[in-house]
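First comes the structure, then the notes that go with it.
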Amino acid sequence: MSVTTTEPHDHDKQHDHEQEHHDHKPSGIKRWLYTTNHKDIGTLYLVFALIMFFIGGSMAMVIRLELFQPGMQFVEPHFFNQMTTVHGLIMVFGAVMPAFTGLANWMIPMMIGAPDMALPRMNNWSFWILPFAFLILLLSLFMPGGGPSFGWTFYAPLSTTYSNDSTALFVFSVHIMGISSIMGAINVIVTIWNMRAPGMNWMKMPLFVWTWFITAFLLIMVMPVLAGLVTMVLTDKYFGTSFFDAAGGGDPVLFQHIFWFFGHPEVYIMILPAFGIVSAIIPTFARKRLFGYASMVYATASIAILSFLVWAHHMFTTGMPVFATLFFMYATMLIAVPTGVKVFNWVATMWRGAMTFEVPMMFALAFIVLFTIGGFSGLMLAITPADFQYHDTYFVVAHFHYVLVTGSVFSIIAAVYYWLPKWTGNMYDEALGQWHFWCSLISVNLLFFPMHFVGLAGMPRRIPDYALQFADFNAFISIGGLLFGLSQLIFVWGLIKCARGGVKATAQVWEGAEGLEWEVPSPAPYHTFDTPPVIK
Amino acid sequence: MAKTRSIRWSLPTLLLALSANAAAMPLNMTKGVTEISQEVYSLHMTIFWICCVIGAVVFGIMFVSILLHRKSRGVQPAQFHESTKVEILWTAIPVVILIAMAIPATKTLIAMDDTSAADVTVLVTGSQWKWHYKYLGSDLEYFSVLATPREQINNRFAKGENYLLEVDRPLVIPTGQKIRFLMTSDDVIHSWWVPAFAIKKDANPGFINEAWTRVDEPGIYRGQCAELCGKDHGFMPIVVIAKSPDDYALWKVAEETRIANAKAAEQELLAMNMDMGELMANGERTYIAYCAACHQPNGAGLPGIFAALAGSALILNDKSAHIDIVLNGKSGTAMQAFGRQLSLKELASVLTYTRNAWGNDTGDAVQAAEVYKVQQGKGE
């Protein structure tokens, strides 16, 4: 980046002094409950996401335990369905999205030279309603009849006429998650729009800021759609409407159109910030400017716009007219183009750089390869006639876990290692981080790669028991799952170790790092950029 | 004991078992047995190889870069960071590849959509958790239910070869003829999937979807419900037998005779009284096959989702309401109308059984005639 501050050095010192002066904050629990500081709120989001990642992960362990061998051994089919449903909801709304919001809170103000988020009190609220949303969702598992069991996609009429009363709790919990996301998104947009430091014009913004800016627009556009949808489910179930009931003039397929009109942009909500992270990490460790910055911005915007035109590719088997099907097939294939541009740009950034391979870089490189594999299976899924064979099988499960786990989650882990020294002031334990990386890389592929084969061989998703031919692969997948889960304990160990001490980090942390966040000391003072930096 | 031993066994020998049994599971999509399914397979392989080639090129360049352009080799980073020419090139090439791919995909898709001029039409109706097949233009219709015994699912018996992929009455179709399927559902969304035909089509309640196939090879083809449809989604398989047109015609006559005989037997049954022991024994069998999935083998139901029958006020206090709910179901719940699924004998038996099992000691024996009367009364 060509971004530099022009503040004189002694001014900086004075600045630091002022920051110390401002550093008053309540201690103990009150600090976290009342905080309006973007760094505190970012930390809250990240810690919350980590806890949710482990809760959702333990549900995946229950799923994999039952699927370890054919036959029903450990749980009932009804409980199994609750696990697949709540696992999905928690990972999407509780782990990946809050983790990205946490990173946005921490990094966006520092990257654009703003003192804080634009709407700090709303920021506090948007975080603190989240734990209650998930408390409601998790407690619903203990209701008579159990929690939601209709899959995270909650297709009607399984979620309306045929669901139990936990549906009401599910609806309110999703409403709260949605409100939180919308407020978070408003905050990101207002901050980026209004609070950029002088000279930080649009085409100088770091890509992480750009991708989050576009993501925030997606959120504002689609979260209300989800809110409308869950409300329709609620009224269909309890107040006698028939949006999705043919007997009353409704249509169950209408549900899927609305859901995926939210759901497909939602997929990009969970991957665009990842693109931003990788676009920050690769240039740093390649010690070379990002290739094709402008085309990265345009590609991100194109993906965001196209994401509104492809929703029905999740619904090829619902029996749409053939011309609608063709439209959605072509539009879906088209998305491969801007996504390809991104991958090519990252590789071109690496080309003739001078690379080193610290943990953030390792996760970013794994991201590029494994996310692209997820992209390939996505391209295969776009070919509608073939999709009839892939749809609702483990091939799809493999596809979206490559995109979401080795895509989104790997990018979040990369981001955490990348910025952890800035947050804590200490370097993380590199050896431990490398262990975490290699264990995760191997186990995640043991876990998800065989799912492609199981799916092609014909195993449907969301089943608690399966035909004997799938037995060996499922046992293998379950062991991979267990190892991936255990590998994440190394991550937690490394995080705790880094938070408690370690080699002191410099302000720049990484030799090749450029950008405003690397101009402030490590750890970043409680208040940064009270006086905006000037960017040439 | 047996369970824990088998788990312990599979852990250390897993890798060994994998290499030994790998042939048991095909690693690729089935080619199937229809022209369409083979077109689908070749589309799948084409896009797969395209992805492989792109992957080899992109990852190849990336790994060469990782190998050569590392700081430890003392290289200096280059300064370039854009090139309009290259960027246009790598936008245009994928567009061309995608267009080349879209053409055959479009052709196959349009062919799949043409359900006209069918020789046989079958109405496929999904319900929790069974399939119903009705041959349009004839009286032939029946339910098709999972045939794998509970004991195999619960690991008490060894699992059979077609574990979870076997049904009591498969769908039978003639080879060499165009079969049109009309899909619908009685409750939630199901999806009828037979990989060998490359057909996967949702069965939506209140709407009808169409699909078609023409199978040339006689054989047995297995599939499963592909859309999450509630608790026993994993337990509603599909079996299709393709017979030569002659065998098919013979089978159809035999089935129609069987159905006619059963109807005649029902009429005879109306005049007879079955004794309590027979009713209870029949009733238990029917209950386990049709009711226990929801109401549980012990009649306790699942609190909050499926009503308990043991000690149920409706059963104990209101016999006619009990018969009515079994015959006609309860709208807005998962309770189906069993009047059209079960024979009079089965209905009478299961009613008797549920009125007398698990401490529901009403002492009532419900006879076929009584059920018939309620059924006819409703019909008028």
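Values in this text are rule-based calculations from the coordinates and carry no lab data. This structure is a prediction, so every number in the text was calculated from the model and none was measured. Because the Cβ atoms are built from the backbone with ideal geometry, glycine has one as well, and the counts that use them run over all protein chains shown.
For the reader, a short list of remarks on this structure follows.
- Sequence-separation-based contact order of chain A, relative, with Cα cut under 8 Å and 6+ spacing, percent: 20 percent
- Helix A:359-382 and the longest principal axis of the Cα set of chain A meet at an angle near 30°.
- Part-to-part distance (alpha-carbon centres) for the range A:519-536 and the range A:436-457, which is given in Å: 42 Å
- Theoretical gain in end-to-end length, B:ILE220 to B:THR84 [0.36 nm per residue, Cα-Cα removed]: 43.2 nm
- Neighbour-count ranking [beta-carbon atoms within 10 angstrom, fewest first] of A:SER443, B:SER320, A:SER181, A:SER411: B:SER320, A:SER443, A:SER181, A:SER411
- Pairs of lysine residues in chain A - Cα separation under 13 Å, sequence separation of 8 or more or cross-chain: 4
- The mean sequence separation of alpha-carbon pairs under 8 Å and at least six residues apart, normalised by the residue count of chain B, gives a relative contact order of 12 percent.
- Most to least packed among A:78-90, A:291-303, A:379-391, B:81-93 [average Cβ atoms within 10 Å]: A:379-391, A:78-90, A:291-303, B:81-93
- Two-site label geometry, A:LEU139 and A:ALA499: point separation in nm, points 7 Å out along Cα→Cβ: 2.6 nm
- Computed over the range B:120-255: relative contact order in percent, which uses C-alpha pairs under 8 Å that are six or more apart: 27 percent
- As a calculated quantity, the FRET efficiency between B:ASP361 and B:ALA262 at R0 = 35 Å, using C-beta atoms, amounts to about 0.65.
- Rough spin-label spacing in nm, given labels placed 7 Å along Cα→Cβ, for B:GLN38 and B:LYS330: 5.3 nm
- For chain A, calculated [θ]222 nm from helices alone, where every DSSP H run of n ≥ 4 adds -39500 (n - 2.57): -22000 deg cm²/dmol
- Inter-chain neighbour count for A:316-322: the average number of beta-carbon atoms from partner chains within 10 Å of each residue's beta-carbon is 6.
- The range B:162-197 and the range A:274-339 have Cα centres spaced 36 Å apart.
- Placing dummy labels 7 Å off each Cα toward the beta-carbon, the span from A:ILE29 to A:TYR298 is 5.5 nm.
- With a Cα cut-off of under 25 Å and a minimum spacing of 8 residues unless on different chains, the lysine pairs in the range B:120-255 number 22.
- Across peptide A:343-349, the mean count of Cβ atoms from other chains lying within 10 Å of each residue's own Cβ comes to 6.
- If R0 equals 25 Å, the separation of the Cβ atoms of B:VAL253 and B:ARG285 corresponds to a calculated FRET efficiency of about 0.30.
- Using the Cβ-Cβ distance between B:CYS52 and A:THR506 with R0 = 41 Å, the FRET efficiency computed as 1/(1 + (r/R0)^6) comes to roughly 0.40.
- Chymotrypsin sites (Phe, Trp or Tyr not before Pro) within the range A:328-364, DSSP loop, no more than 16 other Cβ atoms inside 10 Å: A:PHE357
- For B:215-224, mean number of other protein chain Cβ atoms within 10 Å: 1
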